[in-house]
Each structure stands twice: as structure tokens, then as C-alpha cells.
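Structure first, then comments.
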Amino acid sequence: MIELWPVVPDGERWQWTLEPFVGVGPLRFGMSPGETVEAMENVTADVQPHSHYHPAPCSVRGSEDGRYLDFGLRLYYWQEQLAAVIVDALCGPQVHADGAALVARVPSAVERWMLDRAPAHEPDGEVIYMGGGLVCSESLGVVINVQRAGDRLLTRPMLLSAEALDGGSYFLPEDTWEIHR
């Protein structure tokens, strides 16, 4: 039987640490597309140039994206600076924040972890809910989206720069907010 949605085990994934609003793994928010290509050359041969995204007419911001599909990353740039990293739940690197794994987890478990850590941070607004019920940690710059893996949903974190977090859903293309498979 062929498994349509194979999930790479944690032990076989790159292990990256999130530095909120600074970067993740070898990537730093604010890098140019060329700088991200250089940083990723040491990690994967899956290098693809960034392409332009044309925002809807009502959008005040546009973005460009870079895709490392085999490695499990989508990168978004705003004004030629890295502003968002989205990690594929099936094959992307495992990202740790405050010691907790964020990728390919049960969404409710990551949400509970965010709620449990909230009192140690800003008392109001640390955890917010975005459109579609996506949970966001404002101190980490992380939105927890989900991705389909067969009959279950797994976490697909969206790691954001401070500017991207402030821009919310207006910064990223519409399809980034959908459930992927």
C-alpha cells in the first residue's frame, strides 16, 4: 500500500531553533532572497529562485516567495527582506521554541502549550486567535496553521518577523492560510 501523506519522523528532520523575530535555523528575518539562497546551500540542494506574488487589488502589501519544496519550506519576502517562514508538516525541519517542538504535532497540544506559557509573558494578547481559529503567539511570532496527513491534521507553523505579524493576513497570500496537503 502506498502512503499518500508520509510524515518524516522527528529523528530524520533537521532540528532548528526559533529565535523570535530574529530567525530560525540558518535563516534570519530581513535577509535578501540571495542571502537566503546562500544560507540554504549548506542545508539542501533544493534551491529554487524566488518568484513574484501579485497581491489582490485591495491589498496594500505584496510579497515574493521562495520555495524549498523537498526540504519543506516556503519563504516570503516583503520589500526584498525575509519576513515569513512556513514549515511543511510532512517533511520540513522540526522547529523548537522554548524547548517545545512545533512541527507535525497535534494542533490542540501546541495550542495548550501556548496557553500554558502565556501567563509568563504579556498578560493580555499573548495568545490571539486569527481568522479560521488559528492560534498565534505574539511573543514568539508564530501562527499555528494545520496541514492534512491522511485522516489527521498536523501543525504547520508560520514563523513571522515583527513586520509580518503586524501585517497579519494582509501580508501573506491567501493560500498560505488554507489547510494544505
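Descriptive notes on the structure:
Here is a yes/no grid of residues against (1) of a type in the set (V, I, T); (2) in contact with a strand residue (DSSP E or B) (Cβ under 8 Å, 6 or more places away or on another chain); (3) in contact (Cβ under 8 Å) with a residue 60 or more places away in the chain; (4) surrounded by fewer than 23 Cβ atoms within 10 Å (Cβ to Cβ):
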{"site": "G66", "(1), (2), (3), (4)": "no, yes, no, yes"}
{"site": "F71", "(1), (2), (3), (4)": "no, no, no, yes"}
{"site": "Y76", "(1), (2), (3), (4)": "no, yes, yes, no"}
{"site": "A84", "(1), (2), (3), (4)": "no, yes, yes, no"}
{"site": "C91", "(1), (2), (3), (4)": "no, no, yes, yes"}
{"site": "A100", "(1), (2), (3), (4)": "no, no, no, yes"}
{"site": "V103", "(1), (2), (3), (4)": "yes, yes, yes, no"}
{"site": "V106", "(1), (2), (3), (4)": "yes, yes, no, yes"}
{"site": "A109", "(1), (2), (3), (4)": "no, no, no, yes"}
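- Meets criteria (aliphatic (A, V, I, L, M) and either touching a helix residue (DSSP H, G or I) at 6+ places or on another chain (Cβ under 7 Å) or under 17 Å from L27 (Cβ atoms) (or both)) for L90: no
- Filtering region 84-98 to residues that are outside any loop (DSSP other than H, G, I, E, B) and either modelled with pLDDT under 95 or under 10 Å from the mean Cα position of the chain (by Cα) (or both) leaves A84, V85, I86, V87, V95.
- G132 being in contact with a helix residue (DSSP H, G or I) (Cβ under 9 Å, 6 or more places away or on another chain), on the phi > 0 side of the Ramachandran plot and not charged (D, E, K, R): yes
- Region 161-172, residues that are at pLDDT 85 or above and either among the aromatic types (F, W, Y) or within 14 Å of D65 (Cβ to Cβ) (or both): A164
- Selection count, region 111-126, where residues are free of Cβ contacts under 8 Å to residues at least 12 places away in the same chain and either touching a Lys or Arg at 6+ places or on another chain (Cβ under 8 Å) or under 17 Å from R156 (Cα atoms) (or both): 1
- Test: residue in region 15-36 that is modelled with pLDDT under 95, in a loop (DSSP other than H, G, I, E, B) and surrounded by 16 or more Cβ atoms within 10 Å (Cβ to Cβ): no
- Which numbered condition M114 fails, given (1) outside any strand (DSSP E or B); (2) modelled with pLDDT under 95: (2)
- Strands (runs of 3 or more DSSP E) fully within region 123-179 that include at least 2 residues being crowded, with 16+ Cβ neighbours inside 10 Å and under 12 Å from the mean Cα position of the chain (by Cα): 142-149, 152-160.
- Here P49 fulfils each of the conditions (1) in a loop (DSSP other than H, G, I, E, B); (2) over 14 Å from V85 (Cβ atoms); (3) at pLDDT 95 or above apart from (3).
- Taking every residue in region 130-148 that is closer than 13 Å to R117 by Cα and pairing it with any residue that is part of a loop (DSSP other than H, G, I, E, B) and of a type in the set (D, E, K, R), at least 6 positions away or on another chain, the pairs with Cβ-Cβ distances below 7 Å are S137/E126; E138/E122; E138/E126; S139/E122; S139/E126.
The values are calculated or read from the model by the stated rules, or taken from the named source; none is laboratory data. Being a predicted model, the structure only gives us computed values, none of them experimental. Note that we place each Cβ from the backbone using ideal geometry, even for glycine, and neighbour counts take in every protein chain shown.
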